[in-house]
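Read the structure below first, then the notes.
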Amino acid sequence: MNIAIIGTGNVGGALATQWAKKGHNIHLGVKNKDQFKGSELLKNANTSVFSIKEAIELSDVILIATPPTAIFDIVEELGDVSGKVIIDSTNSVMKSPEPYKTVFHMLAEKTNAEVVKCFNSTGFENMKDPVYHGEGIDMFMAGDSEKAKDVARQLALDCGFGSCWDFGKADKVELLEKFALSWINLAIMQGHGRGIAFKVIRR
């Protein structure tokens, strides 16, 4: 896949690295190509840097991994993304892109893209290494687009996650963000550390 990474910090960097290892073409979309956070990602295979607009034009899949309020500037750069998949990995649990509840809701209203919420429910360390005791932990996704979910599921498996659970349609996006807050609560607020993860098990 040709994947644009918008937001080259911890989450974007972890996913860019994992996907590059699997042979995907990674297009880092940044404001300043000469100086940007995550420049070390260019050491990865299949990875190049472009302006945000260029990265999006070159890609079929777009990962949004920025602070939620940055989406207002990003939307101006999107152009025609009809048929493209946008993965929203942000969380609006602390600050939302008002008047929208989440970045997902803004993208769903402002674009004709296939939008999915995914890669938001755990820490970036677990995206770098999602294997615990020899078994992949779980990822979760939500949204109305089955096409986008198929892409998110495959990319989650490419990272090494054990499975990618369908959390539901667009009406479950906010619930999935609250699920992320549950991980934040346990890992950070309750002091259990970032080396914890969720795994769904069956009897």
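Laid out as a table, the results:
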{"quantity": "Out of T122, T69, sole residue that is buried (at least 21 other Cβ atoms within 10 Å of the Cβ), closer than 19 Å to G12 by Cα and not small (G, A, S)", "calculated": "T122"}
{"quantity": "Test: residue in the stretch 173-185 that is in contact with a Cys (Cβ under 7 Å, 6 or more places away or on another chain), aliphatic (A, V, I, L, M) and not in a loop (DSSP other than H, G, I, E, B)", "calculated": "no"}
{"quantity": "Qualifying residue in the stretch 65-84 (condition: out of contact with any helix residue (DSSP H, G or I) (no Cβ under 8 Å at 6 or more places or on another chain), within 16 Å of V151 (Cα to Cα) and hydroxyl-bearing (S, T, Y))", "calculated": "yes"}
{"quantity": "Every residue from the stretch 150-172 that is hydrophobic (A, V, I, L, M, F, W, C), part of a helix (DSSP H, G or I) and within 19 Å of P130 (Cα to Cα)", "calculated": "V151, A152, L155, A156, L157, C159"}
{"quantity": "Which numbered condition D88 misses (of (1) touching a helix residue (DSSP H, G or I) at 6+ places or on another chain (Cβ under 7 Å); (2) on the phi > 0 side of the Ramachandran plot; (3) of a type outside the set (F, W, Y))", "calculated": "(2)"}
{"quantity": "Helices (runs of 4 or more DSSP H) within the stretch 1-98 that include 2 or more residues under 25 Å from D129 (Cβ atoms) and free of Cβ contacts under 8 Å to residues at least 40 places away in the same chain", "calculated": "10-21"}
{"quantity": "Checking S163 against (1) hydroxyl-bearing (S, T, Y); (2) free of Cβ contacts under 8 Å to residues at least 40 places away in the same chain; (3) within 24 Å of I71 (Cα to Cα), the condition it does not meet", "calculated": "(3)"}
{"quantity": "Test: residue in the stretch 22-42 that is within 18 Å of V151 (Cβ to Cβ) and of a type in the set (D, E, K, R)", "calculated": "yes"}
{"quantity": "Per-region count, the stretch 186-203, residues outside any helix (DSSP H, G or I) and closer than 23 Å to G136 by Cβ", "calculated": "12"}
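Conditions tested, residue by residue: (1) touching a strand residue (DSSP E or B) at 6+ places or on another chain (Cβ under 6 Å); (2) within 30 Å of F72 (Cβ to Cβ); (3) of a type in the set (A, V, I, L, M, F, W, C); (4) modelled with pLDDT under 95.
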| site | (1), (2), (3), (4) |
| --- | --- |
| M106 | no, yes, yes, no |
| Y132 | no, no, no, no |
| I137 | no, no, yes, no |
| K147 | yes, yes, no, no |
| F179 | no, yes, yes, no |
| I184 | no, yes, yes, no |
| G195 | no, no, no, no |
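The values are calculated or read from the model by the stated rules, or taken from the named source; none is laboratory data. Note that the structure is predicted; figures quoted are calculated from it, not measured. No Cβ is skipped: glycine too gets one built from the backbone with ideal geometry, and neighbour counts run over all protein chains shown.
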